Amino acid sequence: MNSPEFNSLNQLFEGLSEEQLAERLGVAPATLQELREKPDFKQWSQDKDPESVSWRYQKDKQRYIINLSFG
């Protein structure tokens, strides 16, 4: 299974829909809904991501955003 690539930097910073991230991680959208509020979601998503990207859910935009935490 090939993971969807980012089409543009804009898409990278706007985030992914639930369906897009579910496809990228190889899970069902319902799995994301169930796990997105859990404290270990960032690590779980990083473990699932084909490029080891960590994700977080941005509730106000209803999008999944790359977790850019440094340090």
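The values are calculated or read from the model by the stated rules, or taken from the named source; none is laboratory data. Every value quoted in this text rests on a predicted model; they were computed, and no experiment measured them. As a convention, Cβ positions derive from the backbone with ideal geometry for all residues, glycine included, and neighbour counts pool all protein chains shown. Quick note on the areas: whole protein, heavy atoms, side chains included, nothing else; ligands and nucleic acids left out. Shrake-Rupley method; radii C 1.70, N 1.55, O 1.52, S 1.80 Å.
Some notes on this structure:
- Look at region 50-62: where a residue is more than 14 Å from Gln20 (Cβ to Cβ) and a partner is open to solvent by 40 Å² or more (accessible area, probe 1.4 Å), sitting 6+ places away or on another chain with Cβ atoms under 7 Å, you get Ser52/Gln46; Ser54/Lys42; Ser54/Gln46; Arg56/Lys42.
- Here is the figure for region 31-61: residues that are surrounded by 13 or more Cβ atoms within 10 Å (Cβ to Cβ), of a type outside the set (Gly, Ala, Ser) and part of a loop (DSSP other than H, G, I, E, B) total 4.
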